[in-house]
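A short worksheet on the structure shown next.
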Amino acid sequence: MNKGGPIVIIEDDIDDQDMLRDVFKELNYENKIVFFGDSQEALDFLTVTEIEPFIIFSDINMPKLSGAELREKVHNNEDLRLKSIPYLFFTTTAEQKAVVDAYSKSIQGFFVKPTEYGKLKRVIRLIVEYWQECVSPNYVK
Amino acid sequence: MTTTTSNSNPIIIIDDDIDDIELFQEGFKELGIENEIMVFTDGNKFYDYISTTDRKSFFVFCDINMNGLNGFELKKKIFNNEEIRLKCIPFLMLSTSGSSKSVLEAYSLNVQGYFIKPNTVQGIKDMFEIVVKYWSISQRPASEQ
């Protein structure tokens, strides 16, 4: 986690992307907001980037590489795993099995995406505040 | 002001510094948090408790510098037992220092947050308020409340 780094959002749904884009625009954080509609592209980005992200939000239900498969790949690669903290799931449903599996791969939060704009904004603000309060590991390879 | 929580399970504090514990309790009280606060001043006693209890917790806050079993040793012990590991989520580290090495080590042991101990009641209230709100909305294993 790098508090000045980009906020990475892995989300294939265009409507959800648009709503998140509006929320972040309104919240006006200094961090760059980077969207990936394709989880494979997100993995490629995380693998090569030298700028550690501030927070990673990932959807679960995505074509090709699902959010759970992507997390598995990140978790199994130490460099990638240490670069990708905090890693949060941001998804439509929260079945108990998915939640347990997610925490077994060392995530730092699992949120059900609010569908209402005002609520989404409150949730995003709270998540950002929590991670601003936490200590950043300043991971250097 | 009262901070409402959506989770009525106890909040667990593992810390052997009595002054800090008093500050934490004062912070929770001033925030109007009504959850039971369970305090363990010995990491081994917490491990014994969590190994045998059926009770869930809202979140676990663990100090790093403790006599006997320190926070890292305790978290390692928990990490190595899958059943207990799932019972201790979220597990949050609290320390007076935040060197890069210890923060990374903590996250490698599957913690959900690492905080520097605030030294004022106001600082503690601000920290707990955010933690309580975050874990009131984040899902966790067996989060039926």
Based on this model, can you work out whether A:Phe54 counts as closer than 23 Å to B:Leu92 by Cα, more than 14 Å from chain B (Cβ to nearest Cβ) and either among the aromatic types (Phe, Trp, Tyr) or in contact (Cβ under 8 Å) with a residue 40 or more places away in the chain (or both)? yes
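Looking at segment B:45-62, is at least one residue touching an Asp or Glu at 6+ places or on another chain (Cβ under 7 Å) and over 30 Å from A:Val112 (Cα atoms)?
Restricting attention to segment B:45-62, the residues satisfying the condition of being touching an Asp or Glu at 6+ places or on another chain (Cβ under 7 Å) are none.
Looking through segment B:45-62, none of the residues is touching an Asp or Glu at 6+ places or on another chain (Cβ under 7 Å) and over 30 Å from A:Val112 (Cα atoms).
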Any residue in segment B:57-66 that is at the interface with chain A (Cβ under 9 Å from one of its Cβ atoms), aromatic (Phe, Trp, Tyr) and in contact with a Pro (Cβ under 8 Å, 6 or more places away or on another chain)? no
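If only one of B:Leu86, B:Leu69, B:Leu94, B:Leu104 is part of a strand (DSSP E or B) and either on the phi < 0 side of the Ramachandran plot or at pLDDT 95 or above (or both), which one is it? Lay out the reasoning, then the answer.
Working: B:Leu86 fails: part of a strand (DSSP E or B); B:Leu69 fails: part of a strand (DSSP E or B); B:Leu104 fails: part of a strand (DSSP E or B).
Exactly one residue qualifies, and that residue is B:Leu94.
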Which condition number in (1) buried (at least 16 other Cβ atoms within 10 Å of the Cβ); (2) under 21 Å from B:Glu105 (Cα atoms) is the one that A:Ala94 fails? (2)
Give me the residue from segment A:2-36 that is among the polar types (S, T, N, Q) and under 30 Å from B:Gly98 (Cα atoms) and, out of that set, surrounded by the fewest Cβ atoms within 10 Å (Cβ to Cβ). A:Asn28
Among (1) surrounded by 23 or more Cβ atoms within 10 Å (Cβ to Cβ); (2) more than 9 Å from chain B (Cβ to nearest Cβ), which single condition is A:Cys134 missing? (2)
Quickly run through segment A:83-131 and pick out the residues that are outside any loop (DSSP other than H, G, I, E, B), within 9 Å of chain B (Cβ to nearest Cβ) and touching a residue at least 60 places away in the same chain (Cβ under 8 Å). A:Ile127, A:Trp131
Among the residues of segment A:13-39, the number that are within 13 Å of the chain's Cα centre (by Cα) and either over 12 Å from A:Val128 (Cβ atoms) or assigned to a helix (DSSP H, G or I) (or both) is 7
Which residues, counting only those in segment A:51-82, are of a type in the set (Ser, Thr, Tyr) and either surrounded by fewer than 15 Cβ atoms within 10 Å (Cβ to Cβ) or assigned to a strand (DSSP E or B) (or both)? A:Ser58
Are any residues in segment A:56-80 charged (D, E, K, R), over 13 Å from the mean Cα position of the chain (by Cα) and closer than 17 Å to A:Met1 by Cβ, and if so, which ones? A:Glu78, A:Asp79
Only one of (1) within 11 Å of chain A (Cβ to nearest Cβ); (2) under 20 Å from B:Ile33 (Cβ atoms) does not apply to B:Val121, and that is (1)
Would you point out the residue of segment B:82-118, among those that are farther than 21 Å from B:Trp135 by Cβ, in contact (Cβ under 8 Å) with a residue 12 or more places away in the chain and surrounded by fewer than 17 Cβ atoms within 10 Å (Cβ to Cβ), that is farthest from the other protein chains (Cβ to nearest Cβ)? B:Thr96
Any residue at all in segment B:34-47 that's in contact with a Ser or Thr (Cβ under 8 Å, 6 or more places away or on another chain), touching a residue at least 40 places away in the same chain (Cβ under 8 Å) and not in a helix (DSSP H, G or I)? no
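The values are calculated or read from the model by the stated rules, or taken from the named source; none is laboratory data. It should be emphasised that the depicted structure is a prediction, and the values quoted were computed from it without experimental measurement. Cβ atoms come from the backbone with ideal geometry, glycine included; neighbour counts cover every protein chain shown.
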